[in-house]
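Have a look at the structure below, then the notes.
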């Protein structure tokens with residue numbers, strides 16, 4: 001049986017390199033940014049020994065470069081809400097963009113992170129060791145379906161990225177509401193973290209691969225179709241037409257249409273419809289968001305058609321949903337982060 005390495009050291013090295021005054025090697029705590037370096041804090045939550053949740057919300061006064069070496073294989077899932085940064089990992093350059101979801105597989109690797117002065121940085125990160133990743137993806141009746149080493153191709157690093165999807169955004173909001181309350185059970189944190197990990201693994205690692213391969217799609221084809229999916233998510237309000245989308249990814253429209261159906265089990269615009277409604281559900285939880293505003297925000301020009309589609313999916317009219325929502329919730333684009341306690 002695999003042993004779970006002390007992957008907490010990977011995080012400790014990051015905190016120490018940033019000059020944080022941590023008190024523990026692997027326990028929940030708040031670590032304010034030193035005043036001479038910047039303002040804000042990093043919040044560390046350890047709901048169980050093989051899981052870390054890192055909530056970062058800070059701004060640095062000056063440009064800052066941070067170097068570290070990881071020595072325990074781990075998987076890290078990050079959601080960047082605000083700010084951008086550059087990383088050089090094993091000699092390759094990577095960008096961490098705003099409003100993006102990033103799934104990383106990290107073995108023993110050298111990394112250099114670059115932070116810009118005066119740039120607010122807000123991010124949620126989840127870390128688990130490789131052994132826990134293997135435990136999570138073991139099939140109950142068919143053994144392990146993926147292996148850490150296969151994903152990295154025998155190298156020391158592999159990254160997947162894409163825009164934050166609406167459903168994980170709802171889970172993230174609930175997660176941040178829980179930590180902001182300051183009286184969260186580890187059980188609740190663990191449940192939310194597992195939801196996010198499951199969503200990301202399904203999106204980046206499985207994502208209809210078996211069906212697509214059976215339909216004769218190559219890895220290049222699948223990468224292009226995922227690119228098309230990400231374009232639809234980013235341009236949800238004014239999505240490109242099928243022919244334009246096909247030209248953007250360098251694939252003919254027939255193959256894109258058929259391949260998308262094989263990979264995701266629905267049509268391109270059936271998928272777009274679902275994601276629009278998921279985002280509308282998320283937006284309508286906000287205190288300041290009206291039904292008309294949410295309708296426009298997700299690309300519906302006809303409020304009646306939007307209301308019908310919303311009711312069909314969620315079993316309630318959007319107006320009634322708004323009347324039942326809770327007050328005091330923050331902005332959809334940047335969820336409320338905990339204050340330094």
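Any read-out appearing in this document is the output of simple, stated calculations on the displayed coordinates, not a laboratory observation. Bear in mind that the values here come from a model prediction, so they are computed numbers and not experimental data. Here the Cβ positions follow ideal geometry from the backbone for every residue, glycine too, while neighbour counts run over all protein chains shown.
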Quick shape check on region 1-102: root eigenvalues a ≥ b ≥ c of the Cα gyration tensor, a/c under 1.5 is rounded, otherwise prolate if a/b tops b/c, else oblate, and it reads oblate
Out of 269, 148, 81, a Gaussian network model of the chain with alpha-carbon springs under 10 Å gives the largest mean-square fluctuation to 269
Protection proxy (average C-beta count within 10 Å per residue), highest first, orders 296-309, 114-127, 67-80 as 67-80, 114-127, 296-309
Listing 275, 313 by rising number of other beta-carbon atoms within 10 angstrom, fewest first, gives 313, 275
For the chain the mean separation of alpha carbon contacts under 8 Å (6+ apart) over residue count, i.e. relative contact order in percent, is 14 percent
If the chain between residue 230 and residue 293 were fully extended at 0.36 nm per residue, the gain over the current Cα-Cα distance would be 20.4 nm
Subtracting the Cα-Cα distance of residue 9 and residue 95 from 0.36 nm times their residue separation yields 28.6 nm
By the C-alpha gyration tensor axes a ≥ b ≥ c (rounded if a/c is under 1.5, else prolate when a/b exceeds b/c, else oblate), the shape of the chain is oblate
What one gets for region 133-204 as the Kirkwood radius, inverse of mean 1/r over different Cα pairs in Å, is 14.3 Å
Using alpha carbon centers only, region 286-304 is separated from region 217-266 by a whole-angstrom value of 26 Å
